[in-house]
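Below is one structure; the comments refer to it alone.
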Amino acid sequence: MKDYRQNDGLQSSVPRPSMKHSTDPDDWDLIITPRKKWYDLQLKDVWRYRDLIALFVRRDFVSRFKQTILGPLWFIIQPLFTSIVFTVIFGQIARLPTDGLPQILFYMSGTVVWSYFASCLNGTANTFVANAGIFGKVYFPRLVTPISLVISNLIAFSIQFLFFIGFLVYFFLRGSEIYLTTWALALPLLIFIMAGLGLGFGIIVSSLTTKYRDLSYLVGFGVSLWMYATPVIYPVSVIPEGWAWVANINPMTPIIETFRAGFLGAGDASWLRLGFSAAFMVVILFIGVVIFNRVEKTFIDTV
């Protein structure tokens with residue numbers, strides 16, 4: 001194609017630059033295609049959007065205590081008040097044993113661990129409904145949102161864990177019979193298993209709530225009941241023999257017992273039970289991701 005221009009009464013021709021556009025898929029930076037197979041999890045997309053995860057983590061952390069007076073101090077106040085209430089009700093009134101450990105330290109250890117798992121589950125269980133406005137307008141891997149919640153809750157857990165360590169040092173200096181063991185080195189593994197369990201169960205519930213909103217009302221109630229089925233306020237040693245199977249099939253039991261065994265020197269820790277929790281987590285997380293990816297194709301029509 002030529003461009004004809006008038007110049008001093010003479011007609012000249014100036015060729016235009018070539019405007020070729022290649023349709024070769026290899027020339028595109030990113031190709032978005034529908035998932036055709038149930039096992040096509042596209043986890044590489046999640047890694048590609050890691051910067052967005054960081055932005056969501058910052059958003060979740062800042063917005064949680066925005067316009068509050070105490071701000072991040074609530075991370076410390078919540079486990080402290082919960083441990084005090086448990087000490088009064090279950091330690092002083094109900095007289096539940098704590099395996100010879102200081103009562104408030106025993107309850108705080110269980111509260112800190114359980115709070116991280118419960119926060120991950122409750123937060124991710126509302127992923128589709130809470131973020132329907134964003135999901136319907138912009139493309140990004142939907143798993144980015146629940147993963148960012150798990151990471152932001154890890155910040156809260158770190159603050160609460162340091163607060164627990166402060167209590168631990170105080171009681172140790174006072175001569176309490178507590179001591180660290182090699183099980184404390186398993187803390188990163190415990191955090192990983194808790195994060196996987198919370199994420200797996202949470203995204204399963206989130207996927208189902210797109211059609212069955214009743215589940216969103218049952219999650220908080222169910223998590224509370226689950227806590228009482230977990231040795232958070234009592235040691236495994238007091239569970240009646242006829243109910244021991246409940247603790248054995250509960251994937252959170254080995255995590256709390258291992259945490260207490262590592263940092264307090266009292267707890268029924270076992271690599272076999274911890275391996276069961278890890279295997280259970282892998283299965284639940286895989287099932288959750290598969291269901292989550294299948295539901296995200298059509299959820300916008302049902303939310």
Which ones in the range 246-276 are touching a residue at least 24 places away in the same chain (Cβ under 8 Å) and small (Gly, Ala, Ser)? 261, 262, 265, 266, 267, 269
Residues of the range 251-272 being under 15 Å from residue 181 (Cα atoms) and not in a helix (DSSP H, G or I), in sequence order, are 264, 265, 266, 267, 268, 269, 270
Name the pairs whose Cβ atoms lie under 8 Å apart, with the first residue in the range 224-245 and at pLDDT below 90, the second exposed (fewer than 14 other Cβ atoms within 10 Å of the Cβ) and part of a helix (DSSP H, G or I), and 6 or more positions between them or separate chains? 239/246
Taking the stated definitions as given, is residue 205 surrounded by 14 or more Cβ atoms within 10 Å (Cβ to Cβ), among the β-branched types (Val, Ile, Thr) and within 23 Å of residue 274 (Cβ to Cβ)? no
Exactly one of 180, 168, 189, 197 is assigned to a helix (DSSP H, G or I), surrounded by fewer than 15 Cβ atoms within 10 Å (Cβ to Cβ), at negative phi and at pLDDT 90 or above, and that one is 189
Considering only the range 202-250, how many residues are outside any helix (DSSP H, G or I) and not small (Gly, Ala, Ser)? 13
I'd like to check which helices (runs of 4 or more DSSP H) are fully inside the range 23-136 and have at least 1 residues that are more than 30 Å from residue 170 (Cβ to Cβ), modelled with pLDDT under 85 and of a type in the set (Val, Ile, Thr). 43-48, 50-64, 127-130, 132-135
First in the range 150-175 and in contact (Cβ under 8 Å) with a residue 12 or more places away in the chain, second anywhere and basic (Lys, Arg), Cβ under 9 Å, 6 or more apart: 152/58; 152/59; 152/64; 156/64
Within the range 137-157, residues of a type in the set (A, V, I, L, M, F, W, C) and either surrounded by fewer than 17 Cβ atoms within 10 Å (Cβ to Cβ) or not in a loop (DSSP other than H, G, I, E, B) (or both) come out as 138, 140, 144, 147, 149, 150, 151, 154, 155, 156, 157
Residues 295, 219: which one is touching a Ser or Thr at 6+ places or on another chain (Cβ under 6 Å), farther than 24 Å from residue 187 by Cα, touching a residue at least 60 places away in the same chain (Cβ under 8 Å) and aliphatic (A, V, I, L, M)? 295
Across the range 260-292, which residue is farthest from residue 173 (Cα to Cα) among those that are among the aromatic types (Phe, Trp, Tyr) and more than 18 Å from the chain's Cα centre (by Cα)? 276
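The values are calculated or read from the model by the stated rules, or taken from the named source; none is laboratory data. Since we're looking at a predicted model, the values are computed, not measured. A quick note on method: Cβ atoms are made from the backbone with ideal geometry, for glycine too, and the neighbour counts reach across all protein chains shown.
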